[in-house]
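J.: Take this structure, written in structure tokens, and hold onto it; I'll ask about it next.
The values are calculated or read from the model by the stated rules, or taken from the named source; none is laboratory data. Since this is a predicted model, take the numbers as computed values, not measurements. Backbone-built Cβ (ideal geometry, glycine too); neighbour counts: all protein chains shown.
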Amino acid sequence: MKSTVLDYLLETRNRRGAGYLVLLDPDRQDMARLEECACLCTDAGADAILVGTSLTMLADHGEVYKRLRQCTGIPIITFPGSGGHITPQADAILYLSMVSSRNPELLIGEQVRTAPLLKRCGVEVISTAYMLIDSGTLTSVQFMSNSRPIPRDKNDIAMAHALAAEYIGMRLLYLEAGSGARRAVPDEMVTAVSQYTSLPVIVGGGIRTPETARAKVEAGASFIVTGQVLEDRQADAGALVRELGAAVHFRE
Ligand code: 1GP
């Protein structure tokens with residue numbers, strides 16, 4: 001069987017201890033900066049690049065992927081804020097269903113609308129349960145999705161959602177505090193969820209230091225996502241990605 005991006009991610013997780021994914025937001029950085037980030041992330045040992053944004057201010061999403069592809073050999077994966085972000089230029093897409101919401105559009109409506117386009121594009125589809133976790137403040141994803149996050153101290157609720165996603169047949173589980181979150185997903189919740197299901201757990205939102213990244217990995221995360229911190233720390237972004245990668249790749 002053809003090796004897939006999902007196979008690559010899981011093999012990387014097994015070999016390096018956990019995987020490190022960098023989120024690039026094309027609405028928040030210009031093309032030159034995106035290209036610079038893609039190059040330095042690759043040099044610093046990141047495992048894949050996610051491209052995503054909560055809004056769609058960009059005219060040509062596909063062009064971003066074409067340009068990034070010239071800077072990096074690691075997978076470039078769509079992390080969609082909407083169906084408008086789908087492009088055949090991506091290596092794969094996290095096909096998100098926001099299982100923490102009760103909004104049918106986020107659970108199945110948007111997926112139905114975009115499935116035929118994805119089939120036509122031939123992009124690898126990675127079914128991903130997306131769970132929004134309360135970070136203490138209103139984040140863009142919470143506002144845009146108009147959905148309530150799972151309370152930070154309700155591990156049992158998070159566990160039940162995760163198990164339901166596994167039983168439905170999803171392949172990855174994304175615990176999301178929201179980009180720029182003041183507080184990341186609690187370690188205790190990462191542990192509770194990752195021990196309760198066999199789904200690989202991605203943790204993102206508000207992770208700004210190698211220490212926090214390592215704590216999430218030690219708690220059971222299979223993949224760590226960072227985004228905004230690289231936008232905020234442009235001067236030393238290369239060194240920071242290297243440190244974050246080293247913290248996540250604990251088997252190296
Ligand atoms: C957002 O989880 C990602 O969807 C990354 O969050 O930008 O806070 O790193 P940050």
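J.: Report whether or not E166 is under 21 Å from I126 (Cα atoms), among the acidic types (D, E), modelled with pLDDT of 95 or more and part of a helix (DSSP H, G or I).
T.: yes
J.: Quick check: is even one residue across the range 69-79 in contact with an Asp or Glu (Cβ under 7 Å, 6 or more places away or on another chain), among the aliphatic types (A, V, I, L, M), in contact (Cβ under 8 Å) with a residue 24 or more places away in the chain and within 17 Å of Y130 (Cβ to Cβ)?
T.: Checked against the condition, which is being in contact with an Asp or Glu (Cβ under 7 Å, 6 or more places away or on another chain), among the aliphatic types (A, V, I, L, M), in contact (Cβ under 8 Å) with a residue 24 or more places away in the chain and within 17 Å of Y130 (Cβ to Cβ), the range 69-79 yields at least one hit.
J.: Pairs, please: C-beta under 6 Å, at least 6 apart or cross-chain, first residue in contact (Cβ under 8 Å) with a residue 24 or more places away in the chain and closer than 28 Å to D7 by Cβ and in the range 125-140, second polar (S, T, N, Q) and outside any strand (DSSP E or B)?
T.: Cβ pairs passing all conditions: M131/S100; L132/S100.
J.: Also, quick follow-up: Going through the range 154-209 one residue at a time, which ones are of a type in the set (A, V, I, L, M), within 16 Å of the ligand (Cβ to nearest atom), out of contact with any helix residue (DSSP H, G or I) (no Cβ under 8 Å at 6 or more places or on another chain) and free of Cβ contacts under 8 Å to residues at least 60 places away in the same chain?
T.: A177, A181
J.: Right, here's the next one. Among the listed residues L9, L23, L34, identify the single one that is within 14 Å of the ligand (Cβ to nearest atom), closer than 17 Å to I77 by Cβ and out of contact with any His (no Cβ under 9 Å at 6 or more places or on another chain).
T.: L23
J.: Could you list, in sequence order, the residues of the range 36-46 that are touching a residue at least 40 places away in the same chain (Cβ under 8 Å) and buried (at least 19 other Cβ atoms within 10 Å of the Cβ)?
T.: C37, L40, C41, A44, A46
J.: On the given criteria, is S222 of a type in the set (G, A, S), more than 11 Å from the ligand (Cβ to nearest atom) and under 18 Å from L96 (Cα atoms)?
T.: It is true that S222 is of a type in the set (G, A, S), more than 11 Å from the ligand (Cβ to nearest atom) and under 18 Å from L96 (Cα atoms).
J.: Quickly run through the range 18-59 and pick out the residues that are part of a helix (DSSP H, G or I) and farther than 21 Å from L6 by Cα.
T.: Hits for the range 18-59 are M31, A32, R33, L34, E35, E36, C37, C39, L40, D43.
J.: For the range 161-182, does any single residue satisfy the condition of being of a type outside the set (V, I, T), under 30 Å from E36 (Cβ atoms) and surrounded by fewer than 16 Cβ atoms within 10 Å (Cβ to Cβ)?
T.: yes
J.: Look at E231 and say whether it is within 13 Å of the ligand (Cβ to nearest atom), more than 15 Å from the chain's Cα centre (by Cα) and surrounded by fewer than 20 Cβ atoms within 10 Å (Cβ to Cβ).
T.: In short, yes.
J.: Where residues in the range 108-140 are over 13 Å from S97 (Cα atoms) and hydrophobic (A, V, I, L, M, F, W, C), which of them is modelled with the lowest pLDDT?
T.: L138
J.: Kindly check whether there is at least one residue in the range 207-218 that is of a type in the set (G, A, S), closer than 22 Å to A48 by Cβ, assigned to a strand (DSSP E or B) and under 18 Å from the mean Cα position of the chain (by Cα).
T.: no
J.: Out of the residues in the range 92-143 that are assigned to a helix (DSSP H, G or I) and of a type in the set (S, T, N, Q), which is surrounded by the fewest Cβ atoms within 10 Å (Cβ to Cβ)?
T.: By that ranking, first place goes to S140.
J.: Please give the number of the condition R120 fails out of (1) farther than 21 Å from R15 by Cα; (2) touching a strand residue (DSSP E or B) at 6+ places or on another chain (Cβ under 7 Å).
T.: The one condition R120 does not meet is (2).
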